[in-house]
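A short write-up of the structure that comes next.
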Amino acid sequence: QKEVEQDPGPLSVPEGAIVSLNCTYSNSAFQYFMWYRQYSRKGPELLMYTYSSGNKEDGRFTAQVDKSSKYISLFIRDSQPSDSATYLCAMSGWGDTNAGKSTFGDGTTLTVKP
Amino acid sequence: KAGVTQTPRYLIKTRGQQVTLSCSPISGHRSVSWYQQTPGQGLQFLFEYFSETQRNKGNFPGRFSGRQFSNSRSEMNVSTLELGDSALYLCASSLRGTSGASYNEQFFGPGTRLTVL
């Protein structure tokens, strides 16, 4: 079983919809929780990261972490066609034993239709 | 500030050959991590280098190796290529690589698309 499981999708929504992307994890050592966006033929780009349980908002994006349930979510409000991409959740732990390593979900491909 | 650059962008090899991929991190970044991305396995961590030392390694066979130079540029090598090595190889750089009291963001390059025939 993978340490990080991500709702596979794909998701197709109309412009303006609220999108919910979700991941679960099994490793209690994960301390940082990230969401990346990856466009076709590009490398992943960090959207947001969170450290503790709770919500973090950045513009139209809200990241939510529930450590007790080992569950994280990303919400996109007022979705735009430019949001069409693959979204990856990722997690990392502390210290040199986790140096430079993030563990990724498999990604959810989102299409926002005009 | 220039981003992470990877060369070459595309590569075609045949089984049994070896390949070397190159990564130039963002100026000032000392940590370089390598990842393999495939449709079946997703993004998987290969290894991380910091100050020319490998600090962390993922679950890949010994055919996968890497190194880092004094200017923080990094190369990864795959020997005796197999069909299953076809993938997008991503390099990511960060200032320190470790995550402690403050998050240490990784910046990804565009990747090298390797096709093994």
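The values are calculated or read from the model by the stated rules, or taken from the named source; none is laboratory data. This one's a predicted model, so the numbers in the text were calculated from it and none came from an experiment. Don't worry about glycine lacking a Cβ; one is built from the backbone with ideal geometry, like all the others, and counts go over all protein chains shown. Side chains are part of the model used for accessible areas, which takes the heavy atoms of the whole protein and leaves out ligands, DNA and RNA. Shrake-Rupley method; radii C 1.70, N 1.55, O 1.52, S 1.80 Å.
The sole residue among A:Pro14, A:Pro44 that is modelled with pLDDT of 95 or more, of a type outside the set (A, V, I, L, M) and buried (at least 18 other Cβ atoms within 10 Å of the Cβ) is A:Pro44.
Take A:Tyr49 and decide whether it is open to solvent by 50 Å² or more (accessible area, probe 1.4 Å), among the hydroxyl-bearing types (Ser, Thr, Tyr) and in contact (Cβ under 8 Å) with a residue 24 or more places away in the chain. For A:Tyr49, the condition - open to solvent by 50 Å² or more (accessible area, probe 1.4 Å), among the hydroxyl-bearing types (Ser, Thr, Tyr) and in contact (Cβ under 8 Å) with a residue 24 or more places away in the chain - is not met. Screening the range B:1-92 for strands (runs of 3 or more DSSP E) wholly inside it with 2 or more residues that are within 14 Å of chain A (Cβ to nearest Cβ) returns the ranges B:5-7, B:19-24, B:31-38, B:42-50, B:53-57, B:64-68, B:74-78. I'd like to check something: does the range A:10-24 contain any residue that is more than 10 Å from every other protein chain (Cβ to nearest Cβ), more than 27 Å from B:Arg96 (Cβ to Cβ) and free of Cβ contacts under 8 Å to residues at least 24 places away in the same chain? So far as the range A:10-24 goes, no, none of its residues is more than 10 Å from every other protein chain (Cβ to nearest Cβ), more than 27 Å from B:Arg96 (Cβ to Cβ) and free of Cβ contacts under 8 Å to residues at least 24 places away in the same chain.
Each residue in the range A:62-111 was checked for being within 18 Å of A:Ser20 (Cβ to Cβ) and either of a type in the set (A, V, I, L, M, F, W, C) or part of a strand (DSSP E or B) (or both), and 21 pass. Determine, yes or no, whether A:Phe30 is modelled with pLDDT under 95, among the hydrophobic types (A, V, I, L, M, F, W, C) and open to solvent by less than 30 Å² (accessible area, probe 1.4 Å). Considered against the rule, which asks whether it is modelled with pLDDT under 95, among the hydrophobic types (A, V, I, L, M, F, W, C) and open to solvent by less than 30 Å² (accessible area, probe 1.4 Å), A:Phe30 comes out as yes.
Which one is modelled with the lowest pLDDT, of the residues in the range A:93-114 that are within 17 Å of the chain's Cα centre (by Cα), open to solvent by 50 Å² or more (accessible area, probe 1.4 Å) and within 14 Å of another protein chain (Cβ to nearest Cβ)? Ranking the qualifying residues of the range A:93-114, first place goes to A:Lys101.
Filtering A:Ala85, A:Ala63, A:Ala90 for residues that are open to solvent by less than 50 Å² (accessible area, probe 1.4 Å) and within 10 Å of another protein chain (Cβ to nearest Cβ) leaves a single hit, A:Ala90. For first residues located in the range B:54-81 and among the acidic types (Asp, Glu), partners that are open to solvent by less than 30 Å² (accessible area, probe 1.4 Å) and lie 6+ apart or on another chain with Cβ distances below 7 Å form the pairs B:Glu75/B:Leu21; B:Glu75/B:Ser22; B:Glu75/B:Gly66. Counting the residues of the range B:10-26 that are out of contact with any Cys (no Cβ under 9 Å at 6 or more places or on another chain) and closer than 25 Å to A:Asn98 by Cβ gives 1.
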